[in-house]
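To keep things clear, I will list the structure first and then write my remarks on it.
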Amino acid sequence: MAALFEGFTLCGVVSGSARAEAALLGVEAEREEDRVVVTDCGRSVTVYKVSDQKPLGSWHVRQGQSLTCPAVWSSRSGEYVAVTDSRVIRIWKDDDTTFEKTFKATVCADVARIHAAADSEPVVLFARGAVRMLDALLEAPQQPIEEVLSEEEVIRSVCRCAQCFYSCKEDCYLYLQRFNPNSLHKYKLETGESRARPLSLCATVRNQSIKLLCLYSSGCLYQSVLSMRGTIQDGVQLLPRTLLLRLPVEDGHLSSASVVSLDEGNLAMVGVPHPSASAGKEFLCIWNTNFQTLQAAKELTGRIYGQLWSYSGRLYVPHGKALTVIPYECERSSLATALGRLQQDRSDGEQLVTTVVSWNTLLHEDTIQHQKGARGVETRQSVRHRGNNVPLAPMLRKFTVVSFTAVPSLLLLLIIRYIFLSCVTRDVEMILSGTADPELQLVVGRLASQLVSRCQSDSAFYPHHTLAQLVHTRCVCHSLCPNLLMLALEKKDYSLAQLCLQHFPDIPEAVTCACLKAFLDDLQTENLEPDSVSFMEGMVAVCKRDGALENGFSPVLLEEDSCDVNAPTTRAKGKADWLVLDMPCPVGVKKAALLNEILQTAHTDSFLLPHLKDLTAQQVVLFLQYLQFLYLKYYQDISAQAPGLRSPTVTQIMDWVCSTLDAHFTVLVMLPEARDLLFQLHKFVRSQVRLICELGKIQGSLQDLHKLKQTEDADLYSIEVIELF
Amino acid sequence: MGEFKVHRVRFFGYMPSGIRCMSFNERAERLALGRLDGTLEIFNFKDSFYQEKVIPGNDSRSVEAVCWVAERLFTAGLNGEITEYDLENLCPKYSLDAFGGPIWTVACNAQGTHLAVGCEDGSIKLFEILPEKIRFERNLDRQKGRVLSLSWHESGTRIAAGMLDMIRIFDVQSGHATHRMLVDRGVSGMRNHECVVWCVAFLSDLTVISTDSSGKVQVWNAAMGILSSTHLVSKSDVLSLAVSKDESSFVVGTSEGTVVQFQFLANILGGDEKAWVRTKTFKPHTHDVRALAEIGTAVVSGGLDTQLVVRPLLDKVDIMSYDNVLHKIHFPHRSLVSCAQKAGMLLFQFPAQLEVWRLGESEGRGEFCLGTREKWIPFQGEDHISCSAISPCGGWLAYSTVSSLRVYRLQCDEHVSISKVPKLPKVLRSAHQLSFSDDSSKLFAASTHSMVHVISLSQSECKHLHTFKPKSGSTEPVHLLAASKDGKWLAAANRGCEIHIYNLHKLKPHCTVPIYGSCPTAMGIHPTSNNLLMVHADRQIFEYSIVEKQYTDWSRRVQREGLHKLWLERDTPVTHVTFNPRNAAQFMLHDTYMFCIIDQSLPLPDNKCQFYNQITLKSLSEQERLSHAHAFKMCTKYQHLLFLGLLDDESLVVVQRPLTDIASQLPAPVRLKKFAT
């Protein structure tokens, strides 16, 4: 689980021109965790104490000179190193006040970067690819510097533990410079068909291997693992890569973005659009690569420069006119936290989005316009549109634009909008049949949430069959699509609600109670799951028969669609017998079937209790009557618990009786119509308790019998036959 | 190999008596054990903890304390008498009334010159030990309250006496009490109860250790008469105490069944200042631990739950071997059951009664029928039965106490009638072992001085035929007798490990089997080959050809190849040998936890092969079995075996006494361990 905390501005950014590529030359770590060296594009180097947002020292170059590479702190010598005018290396200490008096050395080639690793000598990377140790270089500043790169190659990005650069024309190459022994490896970076450029590189060293993350302009993040001790091969090798993330990109093209690896599973990105945010907003996102989920996001105002640094738990990102420091935290991620957080972010995202396109107006517009108008929605729904991969029929495309990105490893599917329900159904079927198993969950989850949000925004739109179909795949759960069940209730689609209750393992108690309330209140019958209904019919039939036979009282089986009943009031007044088991079913079979589903949901009593209190007194009485009915039935007829059929267990029934009584005890005591019910319940329970006592006694006596059986030595005398071999 | 019909008998209600006291003789490595019914048992710790001698108890005699004086054994009891025992004839030698009421304790000084006894009336009496008897010397100053425990200082000049609520130190010369050390009564609820000092031990550095009824173990300085330290080890009584010979550790036993060890250890590692520290706690028993001995490498404990436990102290053990593992001795190492093979009757020997049972007959397999208890024979007199036998035909029955020997005639019809045989020959006064010949015509009675009397039995009279005396002149009691089936040979083994073979036809000694260092525990003469088969306490098996007067080839092979390790490590001695009439090469042995059939025609198991291989063999086919079979066919199905015999119809009789049955007859323990308490 990763989180971004409230950020603060460290300093302003003075970018020379509005179109400048970078806001800062660099932010480098200083000796302490709390200190950074900020080199701006102009002429100054400043050391900040981050927590105090206070500069500790600042150095400026003279007019006419300029800094060409970020100043670094050399922990070996305790000095700062910077380069001015590409060729002059300057070294100074804290107590030097101006650059003028400091040490300087002029080298005979342009310096690209100075690179200071934590506990080693700074390394100087020249613009043409040569690498020197700083002290070796300073011994003979005028030593000749070889040219590694060809003319058209330019260093684009440098990582801490590897020098990476690529040529500009056709291909990108990764150069890996190792020290001890010095060697340079050249790898070719694949660009794929889309001719995507690598935008940002990030390398981490773990377990003797270099993990290289490379963000392409197509929004794909690839990981390459290079062994530190690999055999040295000459020539150019193709860099092996695996796709980690495929991020939604607006135009299939990112301009400037940066990626920083935070820990093994998490990475921070800037310049990549938030999957559910509207265009034109820039976000700093933390993604989990293990689960491919967005862990945290923070909106950044102003322009993004595609620069991002991370030192000791803080992210440094220049945007707009400021360098902002955002502390973050990455906990060890698990599937549950990853999923849970994703949901939260989605809802956050929805708050951000307000653009809702009116479907009806769009109907009459032509396709191009409609596409334009739908831009906002598209973005929000993380659409990527790649025309060459759209497999839908042209007829459909007239009204809908469904865009697939059929990438070999991961299929992302997005629905922009449908107009006809039939189309939705057909398309979803097509998608479901065409999607391989590992991707099904992702696809179904997205589909479901998209459909639900669509339904919520458009009251006329309700694809019952499609939703039921999605639930049937068992790939949807409540936390993946939190609004589905509530939507079903809202639409009074109780068969879908039943399906959800059956298939979702993670329904919150609040939602369970909402369902219970809705079920108790009214019931527009629909096609419920047949097994559950037949189970209830069987039970009611038993009830009917028994009633007729035993007491001469035949309860009227309530009409299926009539919602509730107060039948028991007619019954058993003044009857002396303490056990009246002929209670008729207080609700219709279909309602009963739905209530059974409620009884079978997983819940925790203490969480359930506050929500149960929301039930009205009438609802409680009805519910209790039903529970009592079930209980009596189970008591009468053990076979009521038919094997194979989904039916609540006695324990579940008892649990609900307890919870309901617990939540509404005072109300029930005061309520005159609940009196009979409570008395009967008490009588019955009392008799059961007596029975249990007796059963306990029997069990006690029979236990010894069991013991006897175990020891065959009980007999004093026996004649038996043994065989020896 | 074959099937056996087994009469599985569990109706022998044998109940061992609780252990009251014990004393270990360091020099002879023998442990004398006194039981609540007055029985004295002597275990030879050198010889696989074999129960060497049993002196049957007497109703009028109780054993409250037992004490070795060199090789002599003294006991004192609540009848007020001090008794010395004749260990060769296994009977009391003489008893001497101390005239002080019940005696609670007896202690001998280190020099072996005096016995001190503590009496109910508060007196401590000193007896001088003379070569053949003891003589009252004098009383120490009489105190109020009984004397429950005594301990001599090694100098022999002081005695510590544990009494009610106090410990007194006496000066032996003057007879005066020099110190009086009051013992705290313990927790408030117990204030009204006297604190009984159950045990005291006087160490050579003038430290006195006491254990008492309020659960305390206290260490006193007897020179100053002050308390050094108190250790609360139990909520109930601490009943027994034993100090190791080097006085570096002691153990105490509580009524909860635990044994706690204390060691005299330096406070700091390598420091000089030492203190008694509680180190280990065992729970070898379920009931009171009444008797304890610390014997160098092990703690021996016994108590009301009747078992004798030898628990090794692993910190004092250098090499793990058979002698240093936990031993529990539940049953006597002699047979209390005899079987009339031809009549299918069993004779059970109890301390004060005999029971004759007739085994049921079954038509088919697995049919259950109850054996019938035909007779139980109570007898007059206070002495307990030392041995008994029933003749193979079931017509005669004989038993002996230390003072008398009786022979009965049994008539087996519908009902069994019993009649005492009058006018027995005068030589038959008592016997250590009784046996009948195979045709039931002769009774062999092993008597004093290793003599064996031969009595001919007939309807009309009983006639003394002959008395065999061992050539060696040994006086050790005979504990095993075996007669050959053809009536020609009689073998008698005595506790001195000698086995003499007598010719019954010529009435002359035939030969003596070469003496083996371990006591024979079971023997039998083969019905056809007349080879004598012997099993010793160390579980070695020998076969001796009586005719050729030499060990047989098989016996030599066994000695050459050695027995299997697992056989040698078995815990209990073999107590009975029978021969399989179906197969002359097979004989059966049993100990408490198994019986086995040994097939002399099969190869002996070596240490590499699987010893308990019955289950493996069962799973193999006939052909494969042959290649896997070895001579020892072990059957561990029947546990807690007291007897295994073979009837004439070739069915086996197995007499079991499950330990749970014994435990169920014990009184409730003081404290039961409950889960999570």
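The values are calculated or read from the model by the stated rules, or taken from the named source; none is laboratory data. As the structure is a computational prediction, the values presented were derived from the model and not from experiment. Heads up, the Cβs are rebuilt from the backbone with ideal geometry, glycines too, and the neighbour counts pull from every protein chain shown. What goes into the accessible areas is simple: the full protein's heavy atoms, side chains included, and nothing from ligands, DNA or RNA. Shrake-Rupley method; radii C 1.70, N 1.55, O 1.52, S 1.80 Å.
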Given the candidates A:G42, A:A116, A:V148, the one whose Cα lies deepest towards the positive end of the charge dipole of the range A:21-148, counting +1 at each Lys or Arg C-beta and -1 at each Asp or Glu C-beta, is A:G42
From most to least accessible, 1.4 Å probe, no ligand or DNA/RNA atoms counted, A:E329, B:E64 line up as A:E329, B:E64
Taking only protein heavy atoms and a 1.4 Å probe, the highest-to-lowest accessible-area order of A:Y494, A:Y328 is A:Y328, A:Y494
Within the range A:76-90, the residues whose backbone N lies under 16 Å from a label point placed 7 Å from the Cα of A:S66 along the Cα-to-Cβ direction are A:83-88
Site A:R646, offset 7 angstrom along Cα→Cβ, radius 12 Å on amide nitrogen, limited to the range A:584-603, gives A:593-602
Ignoring ligands and nucleic acids, B:T578 exposes an accessible area, probe 1.4 Å, in Å² to the nearest 10, of 20
Computed over chain B, the relative contact order (Cα-Cα under 8 Å, seq sep at least six) in percent reads 8
Per residue, the convex hull enclosing the alpha carbons of chain B has a volume in Å³ of 183
For A:D110 the rounded accessible area (nearest 10 Å², probe 1.4 Å, non-protein molecules ignored) is 70
For peptide B:2-14, the mean count of other chain Cβ atoms within 10 Å per residue Cβ is 4
Of all GluC sites (Glu not before Pro) in the range B:594-659, the ones in DSSP coil with at most 13 other Cβ atoms within 10 Å are B:E650
Expressed in square angstrom to the nearest 10, the accessible area of B:K469 with a 1.4 Å probe stands at 130
With the charge dipole of chain B built from beta-carbon charges (+1 for Lys and Arg, -1 for Asp and Glu) about the Cα centre, the Cα from B:A491, B:L36, B:S391 projecting farthest to the positive end belongs to B:S391
Note, A:V111: beta-carbon cut-off 13 Å, +1 each Lys/Arg, -1 each Asp/Glu, net +4
For the range B:225-319, listing GluC sites (Glu not before Pro) in a DSSP loop whose Cβ sees at most 10 other Cβ atoms within 10 Å gives B:E273
Bounding extents of the range A:21-148 in its principal axis frame from Cα atoms, largest first in Å, are 44, 34, 31
For A:S209 and B:A28, extending 7 Å from Cα along the Cα-Cβ vector and measuring point to point gives, in nm, a value of 8.0
When every protein chain stays in place and a 1.4 Å probe is rolled, B:I418, B:I55 sorted by accessible area with the largest first are B:I418, B:I55
If each K or R counts +1 and each D or E counts -1, the residues other than A:M133 whose Cβ falls under 10 Å of its Cβ total -2
The FRET efficiency for B:L659 and B:S248, from their Cβ-Cβ distance with R0 = 35 Å and rounded to 0.05, is 0.50
Answer in debye to the nearest 20: the dipole magnitude of chain B about its Cα centre, from +1 Lys/Arg and -1 Asp/Glu charges placed on Cβ, is 540
So the FRET efficiency between A:M654 and B:D272, C-beta based with R0 = 51 Å and rounded to 0.05, is 0.10
The FRET efficiency for B:S174 and B:S228, from their Cβ-Cβ distance with R0 = 22 Å and rounded to 0.05, is 0.30
Expected unfolding gain across A:K186-A:S77 under the 0.36 nm per residue rule, minus the alpha-carbon gap, is 36.1 nm
For the table A:K591/A:K613; B:K328/B:K471; A:K298/A:K492, the rows whose alpha-carbon distance is greater than 29 Å are B:K328/B:K471; A:K298/A:K492
In the range B:409-485, the trypsin sites (Lys or Arg not before Pro) that sit in a DSSP loop and have at most 16 other Cβ atoms within 10 Å of their own Cβ are B:K423, B:K426, B:R429, B:K471
